[in-house]
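The values are calculated or read from the model by the stated rules, or taken from the named source; none is laboratory data. Note that the coordinates shown come from a computational prediction; the quantities given were computed from them, not determined experimentally. Ideal geometry is used to build each Cβ from the backbone, glycine not excepted, and the neighbour counts take in all protein chains shown. Note: accessible area is taken over every heavy atom of the protein model, side chains too, but ligands, DNA and RNA are not part of it. Shrake-Rupley method; radii C 1.70, N 1.55, O 1.52, S 1.80 Å.
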Amino acid sequence: MIKNKKYLILAIIFFFISMALNFPFPHEYPAGQELSVALGFPITTMDGLNYIGITGLILFIIGLFFLVKSLEIYHKRMVLIALALVAILPLEMVNAYQKTFATGIYAIEYERGESNYTFEMKEDTTLYAVCHLPFENHSNETVQFNIEFYEKYLFEDDDPMLSLLNEAGPYKVTLQGKERKVVTIEREINLAKLRRGGLSGQGWGINLMIVDGEKVRKL
C-alpha cells in the first residue's frame with residue numbers, strides 16, 4: 001500500500017503544520033474573523049487577505065500531493081480521510097486539552113451555537129436586551145471571568161448592536177468546577193445617552209470575549 005515512506009512522512013509533517021497555523025485556540029479565529037473559507041482554512045478576514053490561512057491551505061495541498069505520491073492504492077479514499085481529519089482533528093484536540101490540562105479561562109467552553117439574544121424597545125429611548133449564553137467549565141477549579149461583546153461582521157453602513165451591551169457591563173461570571181451553566185443577561189440600555197435611535201432584533205451565535213485580568217479569549 002505504501003510506495004514511498006519519505007513522502008508519507010512529508011505529507012504528515014505538512015498536514016500538522018497546516019493545522020497548527022489555523023488551530024482554533026485560545027481564540028475561535030486564530031488570525032481574525034474569517035469572511036471566506038476554503039477546505040476549512042480562512043482565506044479572507046475583515047482586514048483583508050488572511051496570509052496565515054492561505055499558507056495553511058497551500059501546505060495542506062502540498063501534503064495531499066505527497067500523500068498521493070506515497071501510496072500505491074486507495075488514493076481517493078486517503079484524500080477524503082485527510083480532508084475529514086483537517087476538519088475534525090483540531091476541534092477534537094481542543095476538546096481533549098480542555099478536559100485534561102487546561103486551567104482558568106482556557107478550560108471554559110462556550111457553546112456559541114446555542115446562544116441567543118433578543119433586543120426590543122421598552123420605551124422610546126430604552127432598549128431591553130436579553131441574552132442566553134451557555135458555558136461549561138471543564139476543570140476541577142472554580143473559574144471567574146468577565147464577558148465583553150463584539151460585532152462579528154460590521155460593515156460601513158451597519159449599526160452596532162451586540163456591542164451596545166458593553167455599555168451596561170461589566171458582566172462577571174463564576175463557574176464551579178465541572179459546572180455547565182446558561183448565563184442569562186438582562187439589561188436596560190439608555191439609547192438617548194448614546195445618541196442612538198430605536199432598534200430591535202433577535203439572533204443566535206453571539207460573539208463575545210471572556211476576560212480574566214490580562215488573559216483574553218475571543219470566542
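Of the trypsin sites (Lys or Arg not before Pro) in region 166-219, the ones in a loop by DSSP (not H, G, I, E or B) with at most 11 other beta carbons within 10 Å are K193, R195. Per-residue Karplus couplings for region 170-175, computed as 6.51 cos²θ - 1.76 cosθ + 1.60 with θ equal to phi - 60°, are listed in order as x, 10, 9, 10, 10, 10 Hz, Gly and Pro entered as x. Of P26, V94, Y171, which is farthest towards the positive pole of the chain's charge dipole, taken about the Cα centre with +1 and -1 on the beta-carbons of Lys, Arg and Asp, Glu respectively? Ranked along the dipole, the leading option is V94. The length gained on full extension between M121 and A96, counted as 0.36 nm times the residue separation minus their Cα-Cα distance, comes to 4.7 nm.
What size of dipole, in debye to the nearest 20, comes out for the chain about its Cα centre when the only charges are +1 on Lys and Arg C-beta atoms and -1 on Asp and Glu C-beta atoms?
Working: 21 positive and 25 negative charges, 255 e Å.
Once rounded to the nearest 20, the dipole reads 1220 debye.
Enter the accessible area of F149 (Å², nearest 10), with the probe set to 1.4 Å and all protein chains included. That residue has around 10 Å² of solvent-accessible surface.
If I take all pairs of Cα atoms in region 78-150, what percentage of them are more than 18 Å from each other? Counting pairs separated by more than 18 Å, the tail of P(r) holds 60 percent. Our helix-only sum for the chain, with -39,500 (n - 2.57) per DSSP H run of n ≥ 4 divided by its residues, gives a mean residue ellipticity at 222 nm of -10000 deg cm²/dmol. The mean sequence separation of alpha-carbon pairs under 8 Å and at least six residues apart, normalised by the residue count of region 81-181, gives a relative contact order of 26 percent. Per residue, the convex hull spanned by the Cα atoms of the chain measures out at 139 cubic angstrom.
Counting only other residues whose beta carbon sits under 13 Å from that of N190, what net charge do I get with K and R as +1, D and E as -1? Walk me through the numbers before you get to the answer.
Working: positive: K122, R187, K193, R195, R196; negative: E123, D124, E167, E188.
Once positives and negatives cancel, what remains is +1.
Normalised radius of gyration (Cα atoms, divided by 2.2 N^0.38 Å) for region 100-219: 1.13.
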